[in-house]
1. According to a simple spin-label model (label point 7 Å from Cα along Cα-to-Cβ), what is the distance in nm between S94 and R68?
2. For E83 and D46, compute 0.36 nm times the residue count separating them, minus their Cα-Cα distance, and round to one decimal in nm.
3. Take Y13, project a point 7 Å from its Cα along the Cβ direction, then tell me which residues of the stretch 46-65 have their backbone nitrogen under 20 Å from it.
4. Which entries of K20/K91; K9/K87; K20/K142; K9/K61; K88/K177 have Cα-Cα distances beyond 28 Å here?
5. Relative to the present Cα-Cα distance, how much length would full extension add between K178 and Y101 at 0.36 nm per residue of separation?
6. Roughly what % antiparallel, to the nearest 5, for the DSSP beta bridges in the stretch 2-206?
7. Kindly write out, for the stretch 110-120 in residue order, the coupling ³J(HN,Hα) from the Karplus curve 6.51 cos²θ - 1.76 cosθ + 1.60 (θ = phi - 60°), rounded to whole Hz, with x marking Gly and Pro.
8. Test of understanding: express the Cα radius of gyration of the stretch 1-68 as a ratio to 2.2 N^0.38 Å, with N the residue count.
Amino acid sequence: MKLMNVIGKQMQYPRGIFGKILFAWMTRMTIEHARWTVDLMEIQPDDDIIEIGFGNGANIKLLLQRARNGSVTGVEISETAIEMASKKNAKAISEGRVKLYEAAGNALPFEAGVYDKACTVATAYVIEDPGAVFKEMYRVLKPHGRAAVTFPVRENFIRFKPVGTEGFYLHELADLKKAFRDAGFVNCRTEDNDQVRFGAHCMLGEKPTIS
Ligand SMILES: C[S@@+](CC[C@H](N)C(=O)[O-])C[C@H]1O[C@@H](n2cnc3c(N)ncnc32)[C@H](O)[C@@H]1O
């Protein structure tokens with residue numbers, strides 16, 4: 001397999017030692033996306049937050065700094081990601097403030113209406129049906145809970161060679177916005193950031209009181 005394909009596959013589903021190396025590199029690209037997302041989320045000290053596709057767990061640390069009396073629940077399909085994020089967040093896990101689960105974002109193993117905030121960063125293009133994930137984020141949020149979905153600007157990201165690998169789903173911005181609204185979110189808005197690698201969009205929305 002060509003190197004670009006190996007990188008592309010690992011970006012979709014990081015595994016083993018190469019997955020760990022890739023995360024170190026990938027997080028350098030996505031950490032600014034994560035910081036920006038955390039700034040936009042209006043996190044309160046007591047918030048219980050869920051993150052889908054947390055990668056090596058760097059964003060979990062950022063979320064926890066804001067939700068200093070709250071908690072972060074992370075969901076990932078990659079065992080390698082869970083192993084890395086467990087090490088990175090060992091203290092918070094031992095204190096019961098971080099919980100990590102192996103599960104897919106479109107089938108969250110949680111009851112409805114339990115989280116204050118939900119987010120996912122740099123996952124939209126590796127998931128075939130992001131709308132199914134947005135619906136699950138909506139379901140597990142409390143009324144008035146808020147969601148943030150951040151992803152690189154398609155037109156820039158498409159030029160990044162590993163993205164040519166089979167298994168990337170380069171959804172159009174309009175389709176992602178529609179899927180987000182169709183999941184039930186209201187007061188939706190999209191923020192743009194041209195200061196981060198590839199540029200980024202962040203879709204923000206709220207679960208209404210009566211849904
Ligand atoms: C490009 S990485 C981004 C990781 C991290 N969010 C970041 O910003 O660095 C995509 C991550 O999404 C995870 N992922 C892919 N499909 C998923 C799904 N259906 N549910 C949960 N996680 C998923 C992958 O395992 C991978 O760790």
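1. So the label points at R68 and S94 sit 2.2 nm apart.
2. 10.7 nm
3. 52-57
4. Details: K20/K91 20 Å; K9/K87 23 Å; K20/K142 34 Å; K9/K61 26 Å; K88/K177 32 Å.
Those over the limit are K20/K142; K88/K177.
5. Details: separation 77, 0.36 × 77 = 27.72 nm, distance 2.82 nm.
Working it through step by step, the gained length comes to 24.9 nm.
6. Working: 13 of 33 bridges.
Bridges in the stretch 2-206 that DSSP calls antiparallel: roughly 40 percent.
7. Result, rounded to whole Hz: 10, 5, 6, x, 10, 10, 8, 9, 9, 8, 8.
8. On the way: Rg = 14.2 Å, N = 68, 2.2 N^0.38 = 10.9 Å.
Dividing the Cα radius of gyration by 2.2 N^0.38 Å gives 1.29.
Read-outs: derived from the displayed coordinates by stated rules, not from any lab. Because the structure is a prediction, the values reported are computed rather than measured. Because the Cβ atoms are built from the backbone with ideal geometry, glycine has one as well, and the counts that use them run over all protein chains shown.
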